[in-house]
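Computed from the coordinates by the stated procedures, all read-outs in this text should not be read as laboratory data. Computed from a prediction, not measured in an experiment: that's the story for all the values here. Reconstructed Cβ throughout: ideal geometry from the backbone, glycine too, with neighbour counts over all protein chains shown.
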């Protein structure tokens, strides 16, 4: 019987939280103070502060030539005992330097395989068709040097419990193991992206101050956290991942465990995290029929984008935020995102050649 259930109580408990880190700055000075305090707390909650830097020791494993680009399989160390594989997609136009995009994947992608367009793998080809998932290819075809990493638990980084299904993730097991140790999957993912940026900035073929990040779904999660915690990401696209925590994650509690960070709901909502990206260019993609939007649909999304808009307004940079609401379900749209990133990352390219 419903009267014996705990879930309704937890929903009410969410509403009673004070959330002291909710965005409420009134000017740039207050914004910067809030940003410093909030970043520190988020690094604490995710366990980010516990990870250890190491020599990345970059290694090239494979080079495959295509008509318009080269696909390079590489790996780096992100912690002393952690190795991250990734693809580099490089245009064949012989420019000396390129703006860089970190194109991160979500679930049902085989990790980097879908983003990097591995249609030679049948399951990946179907995922690309379903979600327009090969946005790494879309970016390289538009003049970017693209980095497509495997997040921990995906692709070549699958844990043993997920083996046998290329599309499966290992988020549940990793977060179950990590949380009692004071770390989280969200923290691991943000850390790895930041260590990838360390490596990217050592490359001679990169415009070092023109690095963006973009991703769908779980890739939106990665983009959100990585961009919120590191100003070196100069432009961000978060696709299919911007909504109020209560409807989309607390009430929809069977969503992937990678979304869940201990004590997070006590401090802020998702739009508050995204406000940390201001005043850097940020585009949000939302499908009108995306089931992850929550029971109130776009209303739940707008509850968070209003927070973001307010941050950009206070900083006098309203034009640096764009919300692309498209007719459709949970998928990468790209029609406004690709031009948006080109506008903001290619603009200074010629000055860096």
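The single condition among (1) in contact with a helix residue (DSSP H, G or I) (Cβ under 8 Å, 6 or more places away or on another chain); (2) surrounded by 13 or more Cβ atoms within 10 Å (Cβ to Cβ); (3) within 23 Å of residue 224 (Cα to Cα) that residue 35 does not satisfy is (1).
The set of residues from segment 38-61 being in contact with a strand residue (DSSP E or B) (Cβ under 7 Å, 6 or more places away or on another chain), surrounded by 12 or more Cβ atoms within 10 Å (Cβ to Cβ) and touching a residue at least 24 places away in the same chain (Cβ under 8 Å) comprises 51, 54, 56, 58. If you go through segment 161-181 and keep only what is free of Cβ contacts under 8 Å to residues at least 40 places away in the same chain and out of contact with any helix residue (DSSP H, G or I) (no Cβ under 6 Å at 6 or more places or on another chain), you end up with 162, 163, 164, 165, 177, 180.
Return yes when residue 347 is out of contact with any strand residue (DSSP E or B) (no Cβ under 7 Å at 6 or more places or on another chain) and under 30 Å from residue 96 (Cα atoms) and no when it is not. Criteria met by residue 347. Residues being touching a helix residue (DSSP H, G or I) at 6+ places or on another chain (Cβ under 7 Å), within 29 Å of residue 174 (Cα to Cα) and part of a helix (DSSP H, G or I) are represented in segment 14-25 by at least one member. Among the residues making up segment 1-29, those that are surrounded by 12 or more Cβ atoms within 10 Å (Cβ to Cβ) and touching a residue at least 60 places away in the same chain (Cβ under 8 Å) are 10, 11, 14, 17, 19, 20, 21, 22, 23, 25, 28.
Per-residue answers, yes or no, for (1) farther than 25 Å from residue 27 by Cβ; (2) touching a helix residue (DSSP H, G or I) at 6+ places or on another chain (Cβ under 8 Å); (3) not in a loop (DSSP other than H, G, I, E, B):
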| site | (1), (2), (3) |
| --- | --- |
| 236 | no, yes, yes |
| 241 | yes, yes, no |
| 258 | yes, yes, yes |
| 262 | yes, yes, no |
| 265 | yes, yes, yes |
| 271 | no, yes, yes |
| 278 | no, yes, no |
| 285 | yes, yes, yes |
| 296 | yes, yes, no |
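Out of all the residues in segment 190-205, which are loosely packed, with under 15 Cβ neighbours inside 10 Å and not in a helix (DSSP H, G or I)? Matches in segment 190-205: 201, 202, 204, 205. All conditions but one from (1) surrounded by fewer than 17 Cβ atoms within 10 Å (Cβ to Cβ); (2) within 14 Å of residue 272 (Cα to Cα); (3) within 18 Å of the chain's Cα centre (by Cα) apply to residue 336; the one that does not is (2).
The lone criterion from (1) farther than 30 Å from residue 289 by Cα; (2) touching a residue at least 24 places away in the same chain (Cβ under 8 Å); (3) assigned to a helix (DSSP H, G or I) left unmet by residue 225 is number (1).
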